[in-house]
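Have a look at the structure below before the remarks.
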Amino acid sequence: MSDLYVYCNGRTGGSSSKHPQSAGMASNVTTNRNMNWLIHELYTRKDFALCKKLIDRQLTINYDKEFLFYTKGRILRDEDKPTDAINCFQQAILANKKNSENYKELAKTLFSMGRFKQALEVFLKAETLLERPDHEVYHHIGELFYRSFGQPKAGLPEAKEYLKQSIMCGKHVDSYKILAEIYIEEGDNLKAIEMIENCLQISQDDVALMVQIGILYLKINEYQRAFEKLLDAIAIDDKCTTALLALGSILQSKNDIDGALNKYKRISNLPDEGSEVWSNIGLCFFKKQKYIAAISCLKKAIWVAPLNFNALYNLGLILVTACLRHLNDSGNAYLALEKSTMLPDAIKNPLIYLNFALYCYEIGKPDQSVSYLANFLDTTQHISVHREYMKMADRLNAALSASVASSEPLALPPTTLALEGQHHRRATVGHLTASTSNEDNTAPKDAIASGIRNEGGDATAGTDDDTE
């Protein structure tokens with residue numbers, strides 16, 4: 001390259017042997033020429049080998065070292081040589097300590113190496129040198145504050161402020177995503193939905209975002225919008241496990257059991273939430289009064305996760321329904337339901353109290369029914385439940401009041417409620433059914449159910465005649 005002359009228009013030419021003096025002049029011009037434009041062009045073309053060679057040559061003549069070290073650092077970082085890149089950025093900073101870009105690139109390299117606290121310090125230094133807003137600096141500071149790598153007093157409020165500054169500089173998906181996570185943690189589902197909607201305007205084919213916003217719509221009881229978003233996800237990826245699970249759950253909550261099972265069968269493999277999946281399938285078979293199949297699926301759920309409270313609870317209630325009550329063993333059925341009200345999670349699940357109140361009324365224990373109905377109503381002051389359950393409680397209250405007035409128990413009209421989703425547990429008392437949930441009355445969050453499969457074959461086989 002010593003005898004290569006680069007013209008301003010990018011053409012190159014060699015020296016002529018017929019004019020040695022001219023060749024020497026051309027070499028001098030090449031040596032002293034500003035090559036930053038060519039270095040930048042080679043970098044954007046990803047021609048890193050030639051770009052580094054030209055940078056090294058320019059460094060020998062002591063020309064604009066800040067830009068040369070800055071560009072070489074970016075190349076080395078792209079080549080997965082972060083330590084060498086850090087050295088280059090430090091050299092660039094020594095050449096110019098007032099340029100925020102040098103600090104920003106150094107901080108990004110530290111961030112990629114997992115040295116988050118050091119990265120945050122450098123990003124904050126870069127912020128003090130900014131001449132105009134920079135979304136990358138704001139985004140990374142916000143993310144690091146959110147991940148708790150900042151000062152002890154820094155937290156979600158500071159993270160939100162920086163992320164909001166980032167999106168004010170332009171629409172950036174990563175900033176919207178983290179803001180959505182923060183709002184979800186704060187319980188502000190509407191703001192989280194707003195952030196994800198902004199993401200989808202930028203990245204319209206992001207299946208994960210469609211599923212996430214669909215589940216958020218479920219949480220605020222916007223079932224139609226949730227269904228539409230999940231269908232959009234399936235249209236792009238027809239094997240999206242989470243979307244199929246969510247759709248199955250919605251259908252299950254609407255009492256479309258066959259439709260729910262059809263969605264579950266389309267899932268190619270069970271996700272990590274396999275225990276909840278089998279628990280949901282058990283609820284489907286329970287609704288179809290196929291108790292043996294329901295018990296088999298719930299036992300499979302417990303085998304996958306022995307400490308899964310939902311599956312244990314569901315299996316216990318189905319055994320109460322299929323065995324104790326059908327065997328006229330009202331004593332053990334009563335004890336089983338009474339014990340469920342003593343579980344630590346009972347205060348989080350008001351429908352446990354409603355189920356027991358209904359059963360007490362059915363077996364002629366109105367005083368206890370009144371007591372547990374009162375527990376249910378007290379608990380629902382802090383935990384929202386579906387209006388159908390509140391209507392059921394109102395009917396029971398009216399029946400109890402009427403029975404006190406007439407001194408005789410009155411029969412409640414038979415009621416059948418829709419099955420809930422994955423994180424819901426279902427209990428039955430005669431014709432009256434209620435389900436319980438760790439969450440509110442909405443459909444489930446993430447994993448919602450799966451196809452009906454055992455390791456040795458299809459669990460649906462031979463279950464049509466298992467109805468009791």
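The values are calculated or read from the model by the stated rules, or taken from the named source; none is laboratory data. Note that the structure is a prediction, hence the values are computed from the model and not measured. All Cβ positions, glycine included, derive from the backbone under ideal geometry; neighbour counts span all protein chains shown. Only protein heavy atoms, including side chains, enter the accessible area calculation; ligands, DNA and RNA are left aside. Shrake-Rupley method; radii C 1.70, N 1.55, O 1.52, S 1.80 Å.
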Karplus-derived HN-Hα couplings along the range 98-106 (A = 6.51, B = -1.76, C = 1.60, θ = phi - 60°), whole Hz, x at Gly and Pro: 10, 9, 5, 4, 4, 5, 4, 5, 5
Rounded percent of accessible protein surface that carbon and sulfur make up, the range 263-400, 1.4 Å probe: 55 percent
For peptides 274-284, 169-179, sequence by mean Cβ density within 10 Å, most packed first: 274-284, 169-179
Relative packing of peptides 344-353, 229-238 - highest average C-beta neighbours within 10 Å first: 344-353, 229-238
Percent RCO, i.e. relative contact order, over the range 276-388, from Cα pairs under 8 Å lying at least 6 residues apart: 16 percent
Within-14-Å neighbourhood charge of residue 232 [Cβ basis; K, R +1; D, E -1]: -4
Global form of the range 126-283, assessed from the alpha-carbon gyration tensor, a/c cut-off 1.5: prolate
Average accessible area per residue (Å²) across the range 139-245 - probe 1.4 Å, nucleic acids and ligands excluded: 48 Å²
Cα gyration tensor shape for the range 196-238, rounded if a/c is under 1.5, else prolate or oblate: oblate
